[in-house]
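To start, the structure itself, in structure tokens.
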Amino acid sequence: MHANKPAPLTTFNFMQKLRILFVCLGNICRSPMAEGLFTHKVSEAGLTDFFEIDSCGTGAWHAGERADVRMRETADSHGIALTSIARQVQTTDFSRFDYILPMDDSNLINLQRFVSRMNNAKATLVKMRFFDSEQPNADVPDPYYGGADGFEEVYRILDRSTQ
Ligand code: 4NP
């Protein structure tokens, strides 16, 4: 008789998608760009079936709107389509998503306040630029009140960070 094989130490359930939520303040500039870039990279890698990807804002001012036209034009110029419609973060996001990725410290603090009032949160909160090889854990700067350069900089930062 052969001994049974030992069970693997870890298993990955390929039937279950990895759910990722990008978060900024308004959900019209940074997090739509992160969502668009990551969706594009996942598609290029042939991994679309393994991910659920979304974005939202900590604020509700722009709920229902498409991404800011300046962010969309920047994305277009790099071959990335931004199709998201802005929405505010909600309680169910913390039980649905595996990873929630805020763009800056202010977003992170707001999400931590939200999650501290819940008892069934499963999401891991990680700052977006934890994954930036050049400046780990810095903020993704808010481009909303600045010039065109700011949107291009957000693109470059998020292109590295979503890689
Ligand atoms: P986002 O940028 O957080 O990257 O979407 C902003 C969009 C709108 C405002 C601020 C930041 N706002 O004040 O309306």
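Here are the numbers for the structure shown:
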read-out: Count of residues meeting criterion [part of a loop (DSSP other than H, G, I, E, B) and either within 12 Å of the ligand (Cβ to nearest atom) or within 20 Å of Asp104 (Cα to Cα) (or both)] in the range 66-78; value: 2
read-out: Leading residue by the ranking (nearest to the ligand (Cβ to nearest atom)) among those in the range 121-143 that are open to solvent by 70 Å² or more (accessible area, probe 1.4 Å) and assigned to a loop (DSSP other than H, G, I, E, B); value: Asp142
read-out: Yes/no for Ala63 being surrounded by fewer than 22 Cβ atoms within 10 Å (Cβ to Cβ), part of a loop (DSSP other than H, G, I, E, B) and within 12 Å of the ligand (Cβ to nearest atom); value: yes
read-out: So Thr91, is it over 26 Å from Asp149 (Cα atoms) and part of a loop (DSSP other than H, G, I, E, B); value: yes
read-out: Single unsatisfied condition, Leu25 versus (1) touching a helix residue (DSSP H, G or I) at 6+ places or on another chain (Cβ under 7 Å); (2) surrounded by fewer than 22 Cβ atoms within 10 Å (Cβ to Cβ); (3) free of Cβ contacts under 8 Å to residues at least 60 places away in the same chain; (4) within 20 Å of Val140 (Cβ to Cβ); value: (3)
read-out: Subset of the range 39-60 that is within 10 Å of the ligand (Cβ to nearest atom) and either assigned to a loop (DSSP other than H, G, I, E, B) or open to solvent by 60 Å² or more (accessible area, probe 1.4 Å) (or both) - its residue that is nearest to Asn119 (Cα to Cα); value: Thr58
read-out: Filtered residues of the range 122-163 (kept if in contact (Cβ under 8 Å) with a residue 12 or more places away in the chain, out of contact with any Asp or Glu (no Cβ under 9 Å at 6 or more places or on another chain) and of a type in the set (D, E, K, R)); value: Asp132, Glu134, Glu152, Glu153, Asp159
read-out: Test set (1) touching a Phe, Trp or Tyr at 6+ places or on another chain (Cβ under 7 Å); (2) within 27 Å of Gly147 (Cα to Cα); (3) assigned to a helix (DSSP H, G or I) - Pro32 fails condition number; value: (1)
read-out: Residue within the range 99-119 that is open to solvent by 80 Å² or more (accessible area, probe 1.4 Å), away from the ligand (no atom under 16 Å from the Cβ), part of a strand (DSSP E or B) and within 15 Å of Ile20 (Cβ to Cβ) present; value: yes
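The values are calculated or read from the model by the stated rules, or taken from the named source; none is laboratory data. Please read these numbers as outputs of a predicted model, since none were measured by experiment. When we count neighbours, we look across all protein chains shown, and the Cβ atoms used for this are built from the backbone with ideal geometry, even at glycine. Note: areas computed on protein heavy atoms with side chains; ligands, DNA, RNA excluded. Shrake-Rupley method; radii C 1.70, N 1.55, O 1.52, S 1.80 Å.
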